[in-house]
Amino acid sequence: MAGEVCELTGMWIVAPEIDNQGRRVKSVISLDSIVWSAHLIAVYGNDIVPIDLHFSETLDAFKTYYVNKYIDHHAHVLAF
C-alpha cells in the first residue's frame, strides 16, 4: 500500500496493491515483522454507504482508506 497525505484530515490515504489482472496482491508476512495494527477508515467520498453493508465486507467494498492516526497516542507517533 502506497499513499499520500490528505490535506483536509492530515491522515494517510492508502490503497491495496493491484496486479496486472486487476486483482489485489496478497502475501504472507512474518508475525514478528508487525509493529502495530492500523485502524483504517474507508474513503467513501460523496457516495451513500448502503445500510446493509456488513463491516466484514468493507475491505472489499472500498478502493481507498484513511490510516487513522487519531485512534490512540501510539498510532499517532508511529504513523507520523
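Readers should treat all values here as calculations from the given coordinates under stated rules, not as data from a laboratory. Note that the structure is a prediction, hence the values are computed from the model and not measured. Note that each Cβ is placed from the backbone with ideal geometry, even for glycine, and that neighbours are counted across all protein chains shown.
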In whole Å, what three semi-axes, largest first, describe the equivalent ellipsoid of the chain built from its Cα gyration tensor (square root of 5 times each eigenvalue)? 21, 19, 14
Describe numerically, in nm with one decimal, the distance between label points set 7 Å from Cα along Cα→Cβ at residue 26 and at residue 44. 2.6 nm
